[in-house]
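J.: This is the structure I want to talk about, given as structure tokens.
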Amino acid sequence: MERKVAIIGAGISGLAACRYCKSKGLNPIVFESESSVGGIWRKTIRTTKLQTPKHFYQFSDFPWPPSVTEDFPAQSQVFQYLQSYADHFDLLQHIRFGSQVESISYDGPSDAEMREWSLWGGKGDPFNTKGKWNVTVKDQQTLSTEVYQVGFVILCFGKFSNLPNIPEFPNDKGPEVFHGKVIHSSEYAAMDNTDAANLIREKKVAVVGFQKSALDIAMECSSVNGPENPCTVVYRTKHWGIPYFLPFGIPLLYPYLNRFSELMVHKPGESLALSLLASILAPVRWGISTYIERYITSKYRLEKFDMVPEHSFLKEMNSCSIAILPEDFYNRVEKGSIKLKKSQEFCFSEEGILFDDEVKSEAVDMVILATGFKYFEKLKDIFVSPTFQSYIGSAAGLYRNCIHPRVPQLAIIGFSESISNLHTSEMSCRWLAELLHGTFNLPSIKDMEDDVEKWDKYMKDYCGKYSTKWCIGGLKIWYNDQLCKDMGWVPKRKRGFMAELFEPYSPMDYVRP
């Protein structure tokens, strides 16, 4: 029987899913709404670069070409790299461009029967002959729709596109009363570079947010307009914007990419010995975090600008809330081309925006909302079934960051963040391909839900209010170990005790099983 797999999205996760499904003899079909591969890397803000050194942001069996010499490649280089990956593994033949998936519906057992299952899909088989997925696809050119029936669905449309998160405002205090222009950062990123520069030229722009997109847009506004028309960055929470390198040219992420760093953290499902060791090493964990905090505070003179965060660097790292800070950012704050404004709430007036309980509005000509995306809603809305919508919407996470125990014949790749999202997605796809191939079986639904609860507890313990994000940033190696054990691979990939403990782990350590 043909095992047909529908993959939704041809970004990083979709390409990896297609490559590894194909390698296992499955029949993947990829639906991509855009005209090319690449996902969010198709078009970004002009100055956007990788936030992870390229050595850690690459496919395990497809290294960067020698022509890319930068440690942190630009958007165009990342896009070309992904195109080359698709060409090298002959993936384009499986991709249908301009195909927008409007919904997926499960044709199989009733909700009542599925609630009684003790194994995923009833018997733990990813290809359950009792159930099929109907994938409704709209052709972007002809506007016609077609329904495809497949045995398995992999959702790979990611967290950073499609459904912008627009803040809600009281009546008569939203964008409709503002005489200027309000756009989301995704609209700005989609523009031609010249058009984007002309849009903000000679305008007072307010950028809402303090993550990567907000910082990059603020830098572009300041470059175009200077102190004459300063850009106001509106934020709620101070973040540890980090430099590309620590002293002596060491990438800042290095201290968190080895096993020793993870020994200092209490891990989901750890043994008593590892738990005890994590407690003993807690002062070391605190010391490393404190050193980095002091270095960043000194380098960027954060105290001068009242921008020292209240939370630790470790908490920000574990919650994947870290953003690389443009090198000249605080120099531009000092020179007046960028202004910082902390505000828990804001609303609009005719002239501009009004912060918290202030009476006078700040006059601006344009507001760019770098407020992220409603990724949970986007994920829920693709399901026709209200039952599946409720499962996805209330889930703390996924088993192995891929599988919802209560949703059969489906996987979600790319919603879990880490220090290297590309590597995390690739490892998830390799694990999933082995599952679909029958290399191993999933545990019971109860055991999977228990495991999800342990990871949820870890997130709450180490990330606080950021625990709603699916992030394995502080336990990337531990997560990979679980996948390796499932697949029958040796988890420890280094030669020698010291190397295993202190050498950074990279995708190249997982070239072979």
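J.: In the range 283-315, which GluC sites (Glu not before Pro) are in a loop and have at most 13 other Cβ atoms within 10 Å, using DSSP for the loop call?
T.: Of the GluC sites (Glu not before Pro), the ones in loops of the range 283-315 whose Cβ has at most 13 other Cβ atoms within 10 Å are GLU303, GLU310.
J.: Under a plain spin-label model, where a point goes 7 Å from the Cα along Cα-to-Cβ, how far apart in nm are ASP509 and SER110?
T.: Reported label-point gap for ASP509 and SER110 is 5.1 nm.
J.: For each pair in LYS181/LYS374; LYS4/LYS460; LYS54/LYS204; LYS173/LYS341; LYS173/LYS380, compute the distance between the two Cα atoms and list the pairs where it is over 27 Å.
T.: In this structure, LYS4/LYS460; LYS54/LYS204; LYS173/LYS380 exceed 27 Å between Cα atoms.
J.: Along each of its three principal axes, how wide is the spread of alpha-carbon positions in the chain, in whole angstrom units, largest first?
T.: 68, 60, 47
J.: Follow-up question, since we're still on this one. Pop a pseudo-label 7 angstrom from the Cα along the beta-carbon direction at both PHE502 and LYS465 and give the gap in nm to one decimal.
T.: 3.9
J.: Between GLN141 and THR69, 0.36 nm times their residue separation minus their Cα-Cα distance comes to what?
T.: 22.0 nm
J.: First measure r as the distance between the Cβ atoms of SER275 and LYS181, then evaluate 1/(1 + (r/R0)^6) with R0 = 51 Å and state the FRET efficiency to the nearest 0.05.
T.: Result of the calculation: an efficiency of 0.40.
J.: Along its principal axes, what span do the Cα atoms of the range 1-125 show, with the longest given first and each in whole Å?
T.: On the principal axes, the range 1-125 reaches 56, 28, 27 Å in Cα extent.
J.: Turning to a different aspect of this structure: What is the sum of charges, Lys and Arg at +1 and Asp and Glu at -1, for the other residues whose Cβ falls under 12 Å from the Cβ of PHE210?
T.: +3
J.: Provide, as a two-decimal number, the C-alpha radius of gyration of the range 161-235 over 2.2 N^0.38 Å, N being how many residues it has.
T.: The value comes to 1.12.
J.: Using DSSP to call loops (not H, G, I, E or B), can you name the trypsin sites (Lys or Arg not before Pro) in the range 349-394 whose Cβ has at most 11 other Cβ atoms within 10 angstrom?
T.: Answer in residue order: LYS360.
J.: Say each of PHE62 and TYR391 gets a label point 7 Å from the Cα, pointing the same way as Cα to Cβ; how far apart are those two points in nm?
T.: Placing both labels 7 Å beyond Cα along the Cβ direction yields 3.1 nm.
J.: Ratio of alpha-carbon Rg to the 2.2 N^0.38 Å globular estimate for the range 439-513, to two decimals, please.
T.: 1.29
J.: Can you tell me what percent of all Cα-Cα pairs in the range 115-260 are more than 22 Å apart?
T.: The answer is 67 percent, as a whole percent.
J.: Tell me, what is the per residue accessible area of the chain in Å², probe radius 1.4 Å?
T.: Accessible surface, normalised per residue, equals 44 Å².
J.: What is the range 316-390 by shape, rounded, prolate or oblate, if you read a ≥ b ≥ c off the alpha carbon gyration tensor as root eigenvalues and call it rounded for a/c under 1.5, prolate for a/b larger than b/c, and oblate otherwise?
T.: Verdict is oblate for the range 316-390.
J.: Taking all protein chains as present, what is the carbon and sulfur share of the accessible area of the range 269-387, in % to the nearest whole number, probe 1.4 Å?
T.: Looking at the range 269-387 in its full context, I get 55 percent from C and S.
J.: Here's a follow-up. For the range 1-68 and the range 184-231, write down the distance between their C-alpha centroids in whole Å.
T.: Cα centroid to Cα centroid, the span is 29 Å.
J.: Lys and Arg at +1, Asp and Glu at -1: add these up for the other residues within a Cβ distance under 11 Å of GLY121 and post the number.
T.: My count for the surroundings of GLY121 gives +2.
The values are calculated or read from the model by the stated rules, or taken from the named source; none is laboratory data. This is a predicted model, so every value here is computed, not measured. Positions of Cβ are generated from backbone atoms using ideal geometry, with glycine treated the same way; all protein chains shown enter the neighbour counts. SASA here: full protein model, heavy atoms, side chains in, ligands and nucleic acids out. Shrake-Rupley method; radii C 1.70, N 1.55, O 1.52, S 1.80 Å.
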